[in-house]
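Below is one structure, written out as structure tokens; comments come after it.
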Amino acid sequence: MKTMKTFGLLLLGVAVLAGCKQKEGSAEDEGNALTLEYFAFQEEEDGPWGLMATDGTVLVKPKFNGYMSCVVNDRFYVQEDDVYTIYTADERPKKIGTYKECGSFVSDLCPVQDMNDNIFYIDKDGKKVFDLTEIDGKTVTGAFNFFCGRAMVCLDGTTWGYIDENGDTAIPFKFADAWNFNDDVAIVYIDNPTYEEGDMGKWAVIDTDGNKLFTKRFSDVKPSEFRYADGLLEVTDANDNYMLIDKNGNVVQKMKEGCFTNYIHDGIFTVYNNQTEKTGLMDKEGEWIIRPKFQAMSFNGSLLVCAEEDEQYSLYNMDGEKIAKLPHGYVNLFEKEFKDSDSYLLVGSWEDGYQLVDSEGNVVDTDYAIHGYNTGYNWGFMVSTGDEEYYEEEYDEDYEEADSIM
């Protein structure tokens with residue numbers, strides 16, 4: 001079992017979404033080619049939110065109350081009084097619509113639930129494209145964004161499948177659980193795991209046509225992550241040993257006992273050793289780029305940030321050469337989908353505020369202070385089926401895991 005997620009350590013201070021039925025992600029999580037131009041920021045504690053670019057340029061000064069997402073594909077939302085209002089990302093944002101629930105414009109379509117509990121997808125102007133309240137006489141209880149031309153949908157709170165961008169069923173509703181497509185593949189559960197020894201339930205990896213690329217039993221191997229990155233997926237065997245497999249289910253890389261991978265990008269990934277409590281950087285041929293010697297490590301393909309013994313974060317290049325020490329505090333590396341993500345990062349804490357830092361370690365002057373920030377967004381939502389205990393349990397488990405890594 002993983003005892004630490006190193007990438008999570010570098011993401012402290014990101015605002016957490018209120019509302020237990022939302023699922024929030026990041027562009028890197030899903031691997032889509034997104035347009036992320038601005039993150040949300042607060043100038044003071046409990047103050048209004050505005051929009052800032054990674055270089056410190058402010059598009060919208062702080063004026064929105066309530067939870068605010070980052071900008072995804074030129075749109076953002078504000079959650080206030082348990083409703084979501086979607087806006088255009090302009091100097092004078094235009095209101096698109098207000099909804100009970102919403103996703104984000106990962107593509108040019110976004111799922112929403114209106115005030116009358118109807119679920120449908122809208123375009124970037126707020127126009128309804130197709131309705132999705134029911135499918136084959138069953139109630140839609142979960143609607144998510146499109147990834148690789150497919151959106152996962154839940155029926156009656158129990159059965160999962162995928163639709164295409166016309167709202168038609170692309171992959172039948174027959175799975176016990178499902179995850180978004182990434183790298184043109186998705187992970188689905190044929191059966192829900194019992195987590196008991198000898199569990200004979202199965203999971204599979206499918207392509208965008210619903211073809212199973214391979215099927216595994218939970219008793220043999222199970223996913224420890226739920227998305228492919230650069231064609232690789234981390235899984236664990238019956239003895240909790242970690243390994244990377246390809247899209248055909250073949251083992252590409254086995255981790256040493258007590259080690260697990262984390263963030264993968266361009267065939268490079270971090271490796272954390274539970275015994276030494278150190279992190280290093282490895283390529284998929286198994287060669288060390290940086291041997292495990294740091295407390296934590298994160299990178300976005302260009303910039304590498306490492307936590308050293310004295311809890312000091314430093315900036316490194318991808319060859320492991322130190323560039324500069326960073327100001328004290330936690331560090332957020334902008335995902336590669338953000339404009340100038342390879343040139344700027346955020347350093348600081350919720351108590352003392354944050355500073356933008358450039359790729360040389362220099363603090364960037366900004367017209368506004370940054371007390372709080374958010375780089376997250378929704379990638380879909382679940383709605384109640386009357387079985388609130390199920391959703392509360394799912395929510396509590398998610399946040400217990402989050403607490404353990406932060």
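The values are calculated or read from the model by the stated rules, or taken from the named source; none is laboratory data. Keep in mind it's a predicted model, so treat the numbers as computed, not measured. Note: areas computed on protein heavy atoms with side chains; ligands, DNA, RNA excluded. Shrake-Rupley method; radii C 1.70, N 1.55, O 1.52, S 1.80 Å.
Which entries of Lys100/Lys124; Lys63/Lys94; Lys247/Lys339; Lys247/Lys293; Lys293/Lys336 show an alpha-carbon separation above 23 angstrom in the structure shown? The answer is Lys247/Lys339; Lys247/Lys293; Lys293/Lys336.
Under 16 Å of direct C-alpha separation, and excluding same-chain neighbours fewer than eight residues apart, Lys254 reaches these lysines: Lys2, Lys222, Lys284.
Solvent-accessible area of the chain (1.4 angstrom probe, protein heavy atoms only): carbon and sulfur portion equals 40 percent. Computed with a 1.4 Å probe over protein heavy atoms only, the accessible surface of the chain comes to 44 Å² per residue. Classified by the C-alpha gyration tensor, region 108-168 has an oblate form. Its axis ratio a/c, with a ≥ b ≥ c, is 1.5 or above, and a/b does not exceed b/c. The overall shape of region 153-217, judged from the alpha-carbon gyration tensor, is oblate: a/c is not under 1.5, and a/b is no greater than b/c.
What is the chain by shape, rounded, prolate or oblate, if you read a ≥ b ≥ c off the alpha carbon gyration tensor as root eigenvalues and call it rounded for a/c under 1.5, prolate for a/b larger than b/c, and oblate otherwise? Because a/c hits 1.5 or more and a/b fails to exceed b/c, the chain counts as oblate.
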